[in-house]
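Student: Here it is, the structure in full.
The values are calculated or read from the model by the stated rules, or taken from the named source; none is laboratory data. Keep in mind that what you see is a predicted model, and the values were worked out from it rather than measured. Note that each Cβ is placed from the backbone with ideal geometry, even for glycine, and that neighbours are counted across all protein chains shown.
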Amino acid sequence: MPYVSIILPFHNAIHYLAQAVNSILADKKFDGELLLIDDGSTDTSSTVADQSSVHDPRIRVLRCGRQGLVNALNLGLEEASAPLVARMDADDIAHPDRIAHQCAFLARHPEVHLVSCLVRPFGESITQGTMRYISWVNESIDHESIIRDLYVESPLPHPSVMYRKDAILSLGGYRDYDGPEDYDLWLRMASAGCRFAKVPEILLDWRIHNDSYSRKDRRYRRQAFYRRKSMYAAERLGSEELAVGKRLRIWGAGTNGRRLASYLNSRGHLVEAFVDVDPRLIGATRLKTPVFSPTIIGKGDNDHHYLCMVGNWGARDKIRQVFRAKGKVEGVDFTIL
């Protein structure tokens, strides 16, 4: 049995596939299997995959028709022979020692269910926002920081992860819905008590380009992330894992904050106040709920928990400073979403 199975779905990836495959095979010690899953390609990338399998017995080509990424991923999980499964995308480049380092990490840490690594962006579409996001991703190393940042967005680039197959199958694999399948899986793993980690080394070059799923597919739009993390927050509140016994306030009376409040209210988690810095909102009401300035923080609110729904990266750090100046503890008194 191979010690690790790599699942690599692709669709019309002729410009990148060979480079991605070769980056895996550059590891001369790799004795696992590489599953190339053709999601109904209409270009010649399927020929590249077939030729690769002819020349290397570690490669298997699977075909699922044009059923979409989630079905391709679940097919890969079903066919994977090894207890460890690594993800790879057709447009990225793995470092030669990526698989070995992640396998070794999981061997040393049997309590960890998923291990990622640091990533390095490359490509023609890198912006300042991209670099800010990558920097944020690479800051989350241990389980505690990854769990904290899961409330914000995904700190685990999908093609960078290796996980224990049984842990994923126990949750039903990937879920096909109107949202990002990887972020959804990480949140379900967190709810199930799974543990995360990263090898603190750059082991993957992550290609940034305009034809990627994350840029083109509507399931990866920002509102899909907001909706899914609102659901996650409500689930955690419902199971008393978050803000146990505390009353709720939301920092952010804008569109996303109000959507979060509406979602929580509809599920029986009453939001009693908003906090905002916009002078046009302070003193007004939204959803029949008063809006206060941040000066309210620290004034008789020891029995409150603040959910901070903000979209600006810089604002998150400023909000943390406000709470910490008042002696508030992240995860106990406030949560950044």
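Student: Quick one: E144 ticks every box in (1) at pLDDT below 95; (2) surrounded by fewer than 13 Cβ atoms within 10 Å (Cβ to Cβ); (3) under 17 Å from the mean Cα position of the chain (by Cα) bar one, so which box is it?
Tutor: Of everything listed in (1) at pLDDT below 95; (2) surrounded by fewer than 13 Cβ atoms within 10 Å (Cβ to Cβ); (3) under 17 Å from the mean Cα position of the chain (by Cα), E144 misses just condition (1).
Student: Where in region 1-101 are there strands (runs of 3 or more DSSP E), lying wholly inside it, with at least 1 residues that are among the acidic types (D, E) and surrounded by 15 or more Cβ atoms within 10 Å (Cβ to Cβ)?
Tutor: On the way: elements: 5-10, 33-38, 59-63, 84-87.
Correct list: 33-38.
Student: Another one. Which of the residues belonging to region 206-217 are in a loop (DSSP other than H, G, I, E, B) and either modelled with pLDDT under 85 or within 10 Å of D178 (Cβ to Cβ) (or both)?
Tutor: Step one: of region 206-217, the residues in a loop (DSSP other than H, G, I, E, B) are 208-212, 217.
H209, N210, D211, S212, D217, listed by residue number.
Student: Further question: Within the bounds of region 308-318, is there any residue that is at pLDDT 95 or above and outside any loop (DSSP other than H, G, I, E, B)?
Tutor: Yes, region 308-318 has at least one match.
Student: Follow-up question, since we're still on this one. Mind listing whichever residues of region 218-253 are small (G, A, S), closer than 21 Å to R316 by Cβ and in a loop (DSSP other than H, G, I, E, B)?
Tutor: Result: A243, G252, A253.
Student: Is it the case that some residue within region 282-291 is in contact (Cβ under 8 Å) with a residue 40 or more places away in the chain and not in a loop (DSSP other than H, G, I, E, B)? Before you say what the answer is, go through the steps one by one.
Tutor: So in region 282-291, the residues in contact (Cβ under 8 Å) with a residue 40 or more places away in the chain come out as none.
Scanning region 282-291, I find no residue that is in contact (Cβ under 8 Å) with a residue 40 or more places away in the chain and not in a loop (DSSP other than H, G, I, E, B), so the answer is no.
Student: Let me ask something additional. Please specify each residue of region 85-104 satisfying the condition of being of a type outside the set (S, T, N, Q), under 16 Å from K29 (Cα atoms) and touching a residue at least 12 places away in the same chain (Cβ under 8 Å). It would help to see each step written out before you state the result.
Tutor: First, the residues of region 85-104 that are of a type outside the set (S, T, N, Q): 85-101, 103-104.
With the extra rule that they be under 16 Å from K29 (Cα atoms), the set shrinks to 86, 94-101, 103-104.
Across region 85-104, the qualifying residues are A86, A94, H95, P96, D97, R98, I99, A100, H101, C103.
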